[in-house]
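Taking it in order: structure first as structure tokens, then the write-up.
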């Protein structure tokens, strides 16, 4: 059996919250701006809907389609970078966001894959997701983000 070339990034974290609160943070544009460095996520939040992520200055960062929307358990997105030509050229990836209650916490698993070996896009998201998810965890547990936009600009 031949296997296709694929690159993937998987991130698992446990957040002391409820599935409903985590789901709300993952799908509410205003909450997302708090932990996603001011990015705005525009969509209707339903299966088949188009989505786009927009920088604070109005440039489109990423686009795609919602492939699966199973509240409060799973979101699957078709995802393509729009602002870096070399990443856009790699085409669409798939991002699965899975929530599973574990005691007083929720296990959040992000699985981002693309049908391409040694993907530059997957390398890029593997640097971004940990900061975003650290912010999400910190925001839900303490009310404050871990990494600010100012911290981001120093890291570039």
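Restrict the check to the stretch 4-14 and report whether at least one residue is touching a helix residue (DSSP H, G or I) at 6+ places or on another chain (Cβ under 9 Å), in contact (Cβ under 8 Å) with a residue 24 or more places away in the chain and surrounded by 18 or more Cβ atoms within 10 Å (Cβ to Cβ). The answer is yes; a qualifying residue exists.
Across the stretch 58-93, the number of residues qualifying as out of contact with any helix residue (DSSP H, G or I) (no Cβ under 9 Å at 6 or more places or on another chain) and under 19 Å from residue 13 (Cα atoms) comes to 2.
Would you check if residue 109 is touching a residue at least 40 places away in the same chain (Cβ under 8 Å) and farther than 12 Å from residue 13 by Cα? Answer is no for this residue.
Values quoted throughout were computed directly from the atomic coordinates according to the rules given, and no laboratory measurement underlies them. If you're wondering where the values come from, they're calculated on a predicted model, not measured in any experiment. No Cβ is skipped: glycine too gets one built from the backbone with ideal geometry, and neighbour counts run over all protein chains shown.
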